[in-house]
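Below: the structure, in structure tokens.
The values are calculated or read from the model by the stated rules, or taken from the named source; none is laboratory data. What you see is a predicted model, and the numbers here were worked out from it, not measured in a lab. Quick reminder, even Gly has a Cβ in these numbers, built from the backbone with ideal geometry, and neighbours come from all protein chains shown.
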Amino acid sequence: MIRPIPANLGGVGFFSPEKLPEFSDQYQEENVGRYWNYRVTPFFYKWPKKHQQNKKLVIDAFSPNLNKSLHVGHLRQLALAKSLNELLNFSANRSEQWDVKEETVASSGNAQFVALLGASLGVFDYAQKELNEWFDFLNYHPTIYHDVLMPQDQHIVPRKKKNVKEKDSEQESEVEVWEGPKGDVIVVRSNGKPTYSFYDISFANKVSPTNYITGVEQKEHFENLGLGEKHLPMGLVLGKDNKKIKSRNGEAATAKEIFEEIQNKIKETKCDKKILSWNIICWNLLRSNRTQNIKFDIEESTKPESPGMYITYTYARCLSALSNENHNSVYDPDIKKALHENFEKHSYLNGYTVSEKWKEDAKNWSRKNPMPAIDMSQEDAELIGFAEQSNFYRQKSIESLDPSLLANFTNELAKKLNGHYQKYKIKDGKYGLKFAFANSVAHLRRCMLDLGMFCPTEV
């Protein structure tokens, strides 16, 4: 298992419990105890392990009811849904535009996102409108189903009549039950109305989700339906007092109220406040393990040094440093020229395409005789090498269906880039500096997109 070298050991690279001969002549190899460290150099700085997700997934990540406004807990669920959709369905067009080549793509179209919207308790126009506004704003459009429209055929939801005591009733009444793995489950009440369990069973049999993301309080519900292994529990969103966030009138705070309050806290900016507000919400609600409760302090999260703000500001600042006027690519035209002018000789571009000719030429390169097109220093290599570790954290987030590791790495990458920005004049820097900086900015953008964040060009 290849993992990033811990920061306290110094340098940037990866380590393995086994010696990796294929990397011995490329990276700085070091044997410490039972581990082998491989630190990046100006000539070899790529994260070595490609990753992909080939299993077809069908994920029910966000399925609210249509009889009320979304609350703050829904925001966390929506942030998870948006991020996982980006991670699992990475767009090839996006990779080409931002110079992240297809071979590093986590997956391409391997996940379908679905939503079973609750209409059985009523449908209110304002609730439907708010939901559609969120979907459009985030460009998150799952395949929509409605609980009341799910098939009720006997072969889809096998059931039988039985006399039982219903909830809040002392007398037995005739209901319909489904035989579950832990016992009978009421699927049709005595008044003839289907239960949530009925709709979930029908949905499971017709749509076949591989995973469900809902609150941890529904753990028992999914276990009773035989779907416990598919349930991905999500913790609560709490205020700084460790209690559920409430509005000024004492009721549970709605998603819309939280969103507007954050916008009001943000000082004047060139960036759309809605975009910046979402980035604040998104990072803060993804930063902790999915199963853990999260404390969300609006005052703290809207400070300039808070990660959601900091990452966004750093990205825009880095673009400005690269003098890229149209922002169609993070690459300065001069950098592209420098890379292309030796392309025929080296057949090496952006660290991704390695030909036999390049391998032969690479044998003659050294610290005194660097690769002609990229005169990177060790510090430059460590910046881009650190940015390359996003591939590791992206893979871990995909495997666990939990973006928290990537969210925290993104914050650390922004700090590294800001340090380089403060230390050097990027515009006047040598090609190696610009190359490392530009590639690292591209990785930061990819991380932000994978988290479901916006990437404004100015703030």
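G226 - would you say it is over 16 Å from G73 (Cβ atoms) and under 38 Å from the mean Cα position of the chain (by Cα)? Full working, then the answer.
Numbers: over 16 Å from G73 (Cβ atoms): yes; under 38 Å from the mean Cα position of the chain (by Cα): yes.
Yes.
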Inset, instruction - Of all residues in the stretch 197-242, count the ones that are among the small types (G, A, S), buried (at least 18 other Cβ atoms within 10 Å of the Cβ) and without any contact (Cβ under 8 Å) to a residue 40 or more places away in the chain. - result: 2
Legend entry - Leading residue by the ranking (surrounded by the most Cβ atoms within 10 Å (Cβ to Cβ)) among those in the stretch 111-130 that are under 30 Å from E399 (Cβ atoms) and of a type outside the set (S, T, N, Q): L116
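Out of everything in the stretch 163-178 that is within 46 Å of the chain's Cα centre (by Cα) and surrounded by 10 or more Cβ atoms within 10 Å (Cβ to Cβ), what residue ends up being nearest to I201 (Cα to Cα)? Even if it seems obvious, please write down each step before you answer.
So the first thing to find is which residues in the stretch 163-178 are within 46 Å of the chain's Cα centre (by Cα), and the list is 164-169, 175-178.
Filter once more, so that each one left must be surrounded by 10 or more Cβ atoms within 10 Å (Cβ to Cβ): 164-166, 169, 175-178.
Details: V164: 20, K165: 22, E166: 19, S169: 25, V175: 16, E176: 14, V177: 12, W178: 9 Å.
Per the criteria, the residue is W178.
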Inset, instruction - State whether one or more residues within the stretch 57-76 are surrounded by fewer than 17 Cβ atoms within 10 Å (Cβ to Cβ), within 26 Å of Q389 (Cα to Cα) and of a type outside the set (F, W, Y). - result: no
Inset, instruction - Output the qualifying pairs, or none if there are none: Cβ atoms under 9 angstrom, residues six or more apart or on different chains, first residue in the stretch 18-41 and free of Cβ contacts under 8 Å to residues at least 12 places away in the same chain, second residue surrounded by fewer than 18 Cβ atoms within 10 Å (Cβ to Cβ) and of a type in the set (D, E, K, R). - result: D25/K363; E29/K19
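Return yes when E257 is out of contact with any helix residue (DSSP H, G or I) (no Cβ under 6 Å at 6 or more places or on another chain) and exposed (fewer than 15 other Cβ atoms within 10 Å of the Cβ) and no when it is not.
Criteria not met by E257.
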Inset, instruction - Consider only pairs whose beta carbons are under 7 Å apart and that are at least six residues apart or on different chains; among these, list those whose first residue lies in the stretch 406-431 and is touching a residue at least 12 places away in the same chain (Cβ under 8 Å) and assigned to a loop (DSSP other than H, G, I, E, B) and whose second residue is of a type in the set (K, R) and buried (at least 16 other Cβ atoms within 10 Å of the Cβ). - result: I426/K434
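Condition check: touching a helix residue (DSSP H, G or I) at 6+ places or on another chain (Cβ under 6 Å) and either at pLDDT 95 or above or part of a strand (DSSP E or B) (or both). Does P158 satisfy that? Before the answer, list the steps.
Working: touching a helix residue (DSSP H, G or I) at 6+ places or on another chain (Cβ under 6 Å): no; either at pLDDT 95 or above or part of a strand (DSSP E or B) (or both): yes.
When the stated conditions are applied, P158 does not pass them.
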Inset, instruction - Can you give me the number of residues within the stretch 161-184 that are part of a loop (DSSP other than H, G, I, E, B) and either touching a Gly at 6+ places or on another chain (Cβ under 8 Å) or among the charged types (D, E, K, R) (or both)? - result: 6
Legend entry - The listed residue being hydroxyl-bearing (S, T, Y) and out of contact with any helix residue (DSSP H, G or I) (no Cβ under 7 Å at 6 or more places or on another chain), out of S404, S400: S400
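Might you check whether a residue that is in the same structural domain as V114 (by the TED database), under 20 Å from V114 (Cα atoms) and of a type in the set (D, E, K, R) occurs anywhere in the stretch 168-190?
First, the residues of the stretch 168-190 that are in the same structural domain as V114 (by the TED database): 168-190.
Okay, now just the ones that are also under 20 Å from V114 (Cα atoms), so none.
There is no residue in the stretch 168-190 that is in the same structural domain as V114 (by the TED database), under 20 Å from V114 (Cα atoms) and of a type in the set (D, E, K, R).
Go through the stretch 260-314 and report how many residues are without any contact (Cβ under 8 Å) to a residue 24 or more places away in the chain and crowded, with 23+ Cβ neighbours inside 10 Å.
First, pick out the residues of the stretch 260-314 that are without any contact (Cβ under 8 Å) to a residue 24 or more places away in the chain: 260, 263-264, 267-268, 273, 277, 303-305.
Restricting the remaining residues to those that are crowded, with 23+ Cβ neighbours inside 10 Å gives 277.
Of the residues in the stretch 260-314, 1 are without any contact (Cβ under 8 Å) to a residue 24 or more places away in the chain and crowded, with 23+ Cβ neighbours inside 10 Å.
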Legend entry - Segments classed as strands (runs of 3 or more DSSP E), wholly inside the stretch 1-89, with at least 1 members that are closer than 20 Å to E399 by Cβ: 13-16, 57-60
Inset, instruction - Considering each of Y145, Y140 in turn, give the residue that is assigned to a loop (DSSP other than H, G, I, E, B), in contact (Cβ under 8 Å) with a residue 60 or more places away in the chain and surrounded by 12 or more Cβ atoms within 10 Å (Cβ to Cβ). - result: Y140
Inset, instruction - Go through (1) out of contact with any Lys or Arg (no Cβ under 9 Å at 6 or more places or on another chain); (2) free of Cβ contacts under 8 Å to residues at least 40 places away in the same chain and name the single condition W178 misses. - result: (1)
